[in-house]
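The values are calculated or read from the model by the stated rules, or taken from the named source; none is laboratory data. Only a predicted model underlies this, so the values are computations on that prediction, with no experimental measurement involved. Don't worry about glycine lacking a Cβ; one is built from the backbone with ideal geometry, like all the others, and counts go over all protein chains shown.
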Amino acid sequence: MSDDSLSPEEFAEAAGAAILDAQSRPEETRDVLAEAGLFSVSVAEDHGGMGLGIEFSVPVAQTAGEKQLRFPVVEQIVLARAFAGTEAGEALLGGALTGTIAFAGSLEAGFAARAAFATTADVMLVADGDGAALIDLGSVTVEADATLDPEAPSGFARLEGAKVLARLDAAAYAGLKRDVTILFAAFVNGAAEGALNRSADYLAQRVQFGRPLSAKQAVRHHLARMKLGTEVAIARLRRALLDNEFAESRAVETALTGALSNAVFVVEKAIHLHGGMGFTEELPLHYSLRDVRKIETALQAGAQTRAIGRAFIDAA
Amino acid sequence: MSDDSLSPEEFAEAAGAAILDAQSRPEETRDVLAEAGLFSVSVAEDHGGMGLGIEFSVPVAQTAGEKQLRFPVVEQIVLARAFAGTEAGEALLGGALTGTIAFAGSLEAGFAARAAFATTADVMLVADGDGAALIDLGSVTVEADATLDPEAPSGFARLEGAKVLARLDAAAYAGLKRDVTILFAAFVNGAAEGALNRSADYLAQRVQFGRPLSAKQAVRHHLARMKLGTEVAIARLRRALLDNEFAESRAVETALTGALSNAVFVVEKAIHLHGGMGFTEELPLHYSLRDVRKIETALQAGAQTRAIGRAFIDAA
Amino acid sequence: MSFDTNVTLPDPATDRGAFRAHARKWLAENLPSTLQADSLDFKYPSLDEARVWEAAMHKAGLWGMTWPKEYGGHGLTLREHLAVNKEVGAVLMPESVGSIGKELAGPVIMAVGTEAQKNHFLPNILTMSHMWCQGFSEPEAGSDLARLRTRAVQQEDGSWRINGQKIWTSGAAKADYCLLLTRTGTVADKHRGMLMFAVPMNTPGIRVVNIKSIDGKDSFAEVFFDDVVVADDARLGAPDEGWSAAIRVLSIERATNRMYRPWRFEAELKFLVKALKSDPDLAVKLEDADVQKRIGQIVTEIDGLKGLIERAVDQMMGGAPIGARGSLSKLSWSETHQSFMGFAYEMISTVTPLNSPLAQRAKKHFTTAYLFARAETIYAGTSEVQCDIIAQRILNLPTELKA
Amino acid sequence: MSFDTNVTLPDPATDRGAFRAHARKWLAENLPSTLQADSLDFKYPSLDEARVWEAAMHKAGLWGMTWPKEYGGHGLTLREHLAVNKEVGAVLMPESVGSIGKELAGPVIMAVGTEAQKNHFLPNILTMSHMWCQGFSEPEAGSDLARLRTRAVQQEDGSWRINGQKIWTSGAAKADYCLLLTRTGTVADKHRGMLMFAVPMNTPGIRVVNIKSIDGKDSFAEVFFDDVVVADDARLGAPDEGWSAAIRVLSIERATNRMYRPWRFEAELKFLVKALKSDPDLAVKLEDADVQKRIGQIVTEIDGLKGLIERAVDQMMGGAPIGARGSLSKLSWSETHQSFMGFAYEMISTVTPLNSPLAQRAKKHFTTAYLFARAETIYAGTSEVQCDIIAQRILNLPTELKA
């Protein structure tokens, strides 16, 4: 990464500016993000993108997590990349359509579930055999599963009569899943970093017994452990994206499971450290909590951790 | 308990004095403890004991844990009680024999294992069908399993030719196992309490940057959590020994599993809080660590916790 | 809703189990399924429904057990209070909407109030005729009461003029009275000059602004007091005196309020397991070693909490001071339940869609409970405050070198 | 023992993987099974055996990678150091007996020593001809260096007279030199006047008393200095100057020493799994969800540690200051490994008797490692000290109100 002319920091900065802009005009979120090129980083040059690897979208996803962007930005990026060159891909890239991914269900099973922002998205990827199909959400009825997040419910849909717009074969679908793993890891790392930074700022300003709360050793140690976990998670993802000395690529699964367990810890602790403030709807920490928990269940973090252990046992 | 003329505190005091005495004359430990009546509390009056319930031996076991008595006092108490009225029971009660219990193996399996102090004990209880048999350790060869505790190794024995001195039927064996559960819970609660008190004393005296280490909030919070866990464990055991409003007795399993997980936490943390001192053989905290860990494996705490969960699931 | 309130309470002296058996029987016969979170009929009650239900509970001997009969209580002991709480905990009814009155204002008034105040306030609390809210916390004060700014100034006619702002005031919008903590001096006086009032919430100058909590409810409010004038008979105790007496009451309350918690947690765990069993895709997870062990740990933790509470009751019945031991239960129950709710949320969320109605009900319950549980380590003194108290007042750890 | 030390080192510039491949190959061909903890032949090496082995490793390019060639090093970069460490970590060889020399005294001498000192000491460290011990800690000082009492007073002939007492000095009894921290003034000077020496351990007046650690080994010692006189050329750097330079060196060392840890942890995890597989009664436990998940978590934690270390190397190669980031790895590796060893000990102890020789070997290894791991959150700065550093120097959390 660092050898390239564009540094990840520059991508993060550009993404940050675009996201702030989008948050000031919530109705135009998709357009603003598309115009800023956030969906195009990892799309092939031939198809209108910047032609960079998925690792260059990492700062975008991380910044989105940190700034609590409420838009399926990870889904949009990986769908635009996977469907580059198709009509749907072009629409996703340019911001004419919003895409989401159903992490449960399949065409065969007849339902799709755990699709973020499905009630407002236009297209949804759903498993289909060993590949996946992009379906037109206008062709099905989406029910909101608002239990965890009334403002940004997950979606559930019966798939009878679903109109398929495009397909991914097994290899392409596997590639997309790897991209999803990477970018969600980045997104939740960003969420953790944001929660940590908000907490550190808050506790530096909040006064008790004549000193800032950040002077208390218990508070300092909580923040230190949040920092440690987040640094480890970020370094783990960074490493997963680099080849080893023998030019072999690395597995990315632990980058996601590690990012998720850290982010749950950090965001929950951040709420705790904010005291009563942390428990209010006004303070936006709970958005990150919901986002992180939704990703955790959608990507089945517990089952993935178990699979990582089983794979290690089998290989030993 | 509290209605009786002898209070648990008085038992704890008497036990404490006897244990200190025994520790000053290690060669005569068994005699000193027997003479002080520590093995007789829960033995029927007809058979030379004080005729009190097992709950009156709780302060004895807890004090033994707290004072790090290196003698199989729990085994001796429950064996003296279970075999009261037999020749072996009388010898155990009076301190003519030392008894231990093998927590793995059986007569049928042909081996006995996880018996504390088996290399120095005279008799050993081992499972036999649905009951148990007390065997003469002179009739078998005991090998030391010194991996965890070279000074007080567990014992392993092949049981071919073992001489059986007495037997317990299924009901009596079940009663003994309940007694063991209760007294080991008390012993490890004592170990935790001792480790906590030693840490609090040490950290109140140890000076850094002009103040005692106990002034540091991180240290104070560690000790507070050790205190909390230990208070909960003690209260849990106390409750398990009391009938409910409907005069029904309570299960004792969680008292042991809870005591063990707390004691592991507290003793490990106590070593940590002592810094380099805690890691020396000179400071006796590691005796408690070894004791607690040996009881944990002997009584299969992990499997018991799982069984508690399974029983709850089945009953729900 | 109507309930059987024509009840003769058993005499606990003749039969230790009688009172608990009574509570169990009455709840079994009277608690409607709409008030049970593990019922498919469950519906969060309106304020009026909750008042009717709690008033009936009181009449049936399930509230006010330890309050003197002259003030509407049942004149019994903490032991009956505990026995009832075990049965109240065993059913998943909503939390009391009158708990500020029954567990905070009532005991304070009992300790420092005048006879007239006791006669006026106490029975109305138990019959749910008066709803109370608590005005202690302030935006800038947190747990540092020395920073409290709400000020009460006595006027020539003996009345008091109050100015200030309170926060985290649960149920302020529906309350009839506020148990208000003020200072009579300046902030520089720190802990001196603290004074409490029973302020009617319809007094001119009071403004309530609800605050939404992360579980989507109006869980609490900010309350502004602008030149609020109350008569001198709204004062609870004398300056200083009242507050220090109240502090003692509150430390007992911290150890004894909502005693039903571990029994409630146990009922929630049963609900969770039943819900998991009801859906085949979830039921298989109950075979997993990690799930069985985690449930075993939660059962163990619940038993520990029960032990703490039963021991505290026995000690108080024996006349022992409760001291700072309420901090042990607060720290313990809040962290046990918070972590249990994390587990429950994760378990019930692993499968989607859920086809069993009971599992769907459980998903709603545990998702909300998971979010709400974020507050449990915060309110009534954060975990850090409890640890500070345990270190200071139970372990007596020195902060300075001994001379 | 004899080893192939007739080695031509590959040029890392031509092939990024060559150096790592070389280390892997050399270890596969030269590491005796007696030095592998997961081998049934394992035998803890004598000091002489360990010296011969480590000297051979150095000659084969597996120690001193970054030290200049003129002082016996290989003149390479941190990247080769890391590549070698990955392979050193992948085999369960004993910890270095020369690490105080190679990872502490050597870098300090390189930073503040005279040319004569460098020429004398550095090559002898790499060839294992000189063994070093560390004399920093004192009984009353702990991590509070302001309380350091060991005093060095310069005499008229330029020599120094040293009096004091050190503790936690690993390997003092077998060391040739002590890297000794003293003060030239009084305790009241606090951090001023600190001075380091390279003290020959055979100097009259030095007395070593071993301290047994809980794993049963003579892990460290107390060292008493009674009127120990050393020549001025034993001084390392000028008063103050030397110490502050050394502090900088030590912070880099903290981030770069024993870089092999996560790869070693991974090898230990493989050993544990193989041992569990080797005994049918243990093997069934590998089917349990909780065991699989825990192993998955440990793998995840190990990957994180690898990431921290690889990132630190890349940053240092890019010229970035390492600052306090060594505290992140110290806190992370110590708690990861301590908890991993607890799990390993519990797993290997669940069944008795063990019939598989490999499981028996693993039981010895992990029981000792579990006990030893108790020290990991203590030495080189406790977890609390690391948290303090992270809060102070990485998060820059204020302790006072901003003006």
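Residue check: A:Phe156 meets all listed conditions (1) more than 20 Å from A:Ser288 (Cβ to Cβ); (2) within 10 Å of another protein chain (Cβ to nearest Cβ); (3) part of a loop (DSSP other than H, G, I, E, B) but one, namely (3). Of the numbered criteria (1) aliphatic (A, V, I, L, M); (2) out of contact with any Asp or Glu (no Cβ under 9 Å at 6 or more places or on another chain); (3) more than 14 Å from every other protein chain (Cβ to nearest Cβ), the one C:Leu76 fails is (3). Of all residues in segment A:21-50, those satisfying the criterion of being hydrophobic (A, V, I, L, M, F, W, C) and either part of a helix (DSSP H, G or I) or buried (at least 23 other Cβ atoms within 10 Å of the Cβ) (or both) are A:Ala22, A:Val32, A:Leu33, A:Ala34, A:Leu38, A:Phe39, A:Val41, A:Val43.
Considering the conditions (1) away from every other protein chain (no Cβ under 14 Å); (2) at pLDDT below 95; (3) assigned to a loop (DSSP other than H, G, I, E, B), C:His191 is excluded by exactly one of them, (1). Please verify whether segment B:68-86 includes one or more residues that are touching a His at 6+ places or on another chain (Cβ under 8 Å), on the phi > 0 side of the Ramachandran plot and away from every other protein chain (no Cβ under 14 Å). Checked against the condition, which is being touching a His at 6+ places or on another chain (Cβ under 8 Å), on the phi > 0 side of the Ramachandran plot and away from every other protein chain (no Cβ under 14 Å), segment B:68-86 yields at least one hit.
Summed over segment C:84-100, residues that are assigned to a helix (DSSP H, G or I) and at pLDDT 95 or above total 6. Taking each residue of segment B:200-215 that is part of a helix (DSSP H, G or I) and looking for partners that are of a type in the set (Asp, Glu) and surrounded by fewer than 16 Cβ atoms within 10 Å (Cβ to Cβ) with beta-carbon atoms closer than 9 Å, six or more apart or interchain, yields B:Ala215/C:Glu400. Counting the residues of segment D:294-333 that are in a loop (DSSP other than H, G, I, E, B) and not aliphatic (A, V, I, L, M) gives 5. So which of B:Ala12, B:Ala91, B:Ala96, B:Ala18 is over 17 Å from the mean Cα position of the chain (by Cα), in a helix (DSSP H, G or I) and surrounded by fewer than 24 Cβ atoms within 10 Å (Cβ to Cβ)? Exactly one of B:Ala12, B:Ala91, B:Ala96, B:Ala18 is over 17 Å from the mean Cα position of the chain (by Cα), in a helix (DSSP H, G or I) and surrounded by fewer than 24 Cβ atoms within 10 Å (Cβ to Cβ), namely B:Ala91. Taken over segment D:304-322, the criterion of being within 7 Å of another protein chain (Cβ to nearest Cβ) and touching a residue at least 12 places away in the same chain (Cβ under 8 Å) is satisfied by D:Gly304, D:Lys306, D:Leu308, D:Glu310. Evaluation of D:Phe224 against the conditions (1) outside any helix (DSSP H, G or I); (2) out of contact with any Pro (no Cβ under 8 Å at 6 or more places or on another chain); (3) crowded, with 22+ Cβ neighbours inside 10 Å shows that the sole unmet condition is (3).
Within segment D:2-28, being in a helix (DSSP H, G or I) and out of contact with any Phe, Trp or Tyr (no Cβ under 9 Å at 6 or more places or on another chain) holds for D:Ala18, D:Phe19, D:His22, D:Ala23, D:Arg24, D:Lys25, D:Leu27, D:Ala28.
Listed here are the helices (runs of 4 or more DSSP H) enclosed by segment D:239-285 that have at least 2 residues being closer than 30 Å to D:Trp160 by Cα: D:241-256. State whether one or more residues within segment A:243-264 are within 22 Å of A:Ala204 (Cβ to Cβ) and either surrounded by fewer than 21 Cβ atoms within 10 Å (Cβ to Cβ) or at the interface with chain D (Cβ under 7 Å from one of its Cβ atoms) (or both). Within segment A:243-264 (the criterion being within 22 Å of A:Ala204 (Cβ to Cβ) and either surrounded by fewer than 21 Cβ atoms within 10 Å (Cβ to Cβ) or at the interface with chain D (Cβ under 7 Å from one of its Cβ atoms) (or both)), the answer is no, since none of the residues qualifies. The set of residues from segment A:71-88 being surrounded by fewer than 20 Cβ atoms within 10 Å (Cβ to Cβ) and within 26 Å of A:Arg198 (Cβ to Cβ) is empty. The listed residues are A:Glu245, A:Glu296, A:Glu268, and the only one of them that is outside any helix (DSSP H, G or I) and of a type in the set (D, E, K, R) turns out to be A:Glu245. In segment A:213-226 there is at least one residue that is farther than 19 Å from D:Gln386 by Cβ and either in the same structural domain as A:Val123 (by TED's automatic domain parsing) or not small (Gly, Ala, Ser) (or both). Of all residues in segment C:344-397, those satisfying the criterion of being away from chain B (no Cβ under 14 Å), outside any helix (DSSP H, G or I) and closer than 29 Å to C:Leu286 by Cα are C:Thr350, C:Val351, C:Thr352, C:Pro353, C:Leu354, C:Asn355, C:Ser356, C:Arg374, C:Ala375, C:Glu376. Of note, B:Ala240 does not satisfy the criterion of being within 20 Å of the chain's Cα centre (by Cα) and more than 8 Å from every other protein chain (Cβ to nearest Cβ).
From the list C:Ser33, C:Ser39, the one residue that fits, being surrounded by fewer than 19 Cβ atoms within 10 Å (Cβ to Cβ) and free of Cβ contacts under 8 Å to residues at least 40 places away in the same chain, is C:Ser33. Residue-level check: of (1) part of a helix (DSSP H, G or I); (2) closer than 20 Å to D:Arg248 by Cβ, D:Gln134 misses just (1). Scanning segment C:48-74 for residues that are closer than 19 Å to C:Asn6 by Cβ and in a loop (DSSP other than H, G, I, E, B) gives C:Ala60, C:Gly61, C:Leu62, C:Trp63, C:Gly64, C:Met65, C:Gly72, C:Gly73, C:His74.
Take segment C:151-174 and flag every residue that is in a loop (DSSP other than H, G, I, E, B) and within 18 Å of the chain's Cα centre (by Cα). Of everything in segment C:151-174, those that are in a loop (DSSP other than H, G, I, E, B) and within 18 Å of the chain's Cα centre (by Cα) turn out to be C:Ile167, C:Trp168, C:Thr169, C:Ser170, C:Gly171. Against the conditions (1) within 14 Å of another protein chain (Cβ to nearest Cβ); (2) surrounded by fewer than 18 Cβ atoms within 10 Å (Cβ to Cβ), C:Ser244 satisfies every one except (1). The single condition from (1) in contact (Cβ under 8 Å) with a residue 24 or more places away in the chain; (2) within 7 Å of chain C (Cβ to nearest Cβ) that B:Lys269 fails is (2). Flag: C:Val299 does not match the condition of being out of contact with any Cys (no Cβ under 7 Å at 6 or more places or on another chain), more than 10 Å from chain B (Cβ to nearest Cβ) and not basic (Lys, Arg).
Residue by residue, here is whether (1) under 30 Å from B:Arg236 (Cβ atoms); (2) assigned to a loop (DSSP other than H, G, I, E, B) holds:
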position	(1), (2)
B:Leu148	yes, yes
B:Glu160	no, yes
B:Leu176	yes, no
B:Asp179	yes, no
B:Ala186	yes, no
B:Ala192	yes, no
B:Ala195	yes, no
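If you check A:Ser42, A:Ser7 for being among the small types (Gly, Ala, Ser) and at pLDDT 95 or above, only one passes: A:Ser42.
Quick check on C:Lys212: is it surrounded by fewer than 18 Cβ atoms within 10 Å (Cβ to Cβ), within 30 Å of C:Ala359 (Cβ to Cβ) and outside the structural domain of C:Arg151 (by TED's automatic domain parsing)? So C:Lys212 fails the test.
Scanning segment A:51-59 turns up no residue that is assigned by TED's automatic domain parsing to the domain that holds A:Lys163 and assigned to a loop (DSSP other than H, G, I, E, B).
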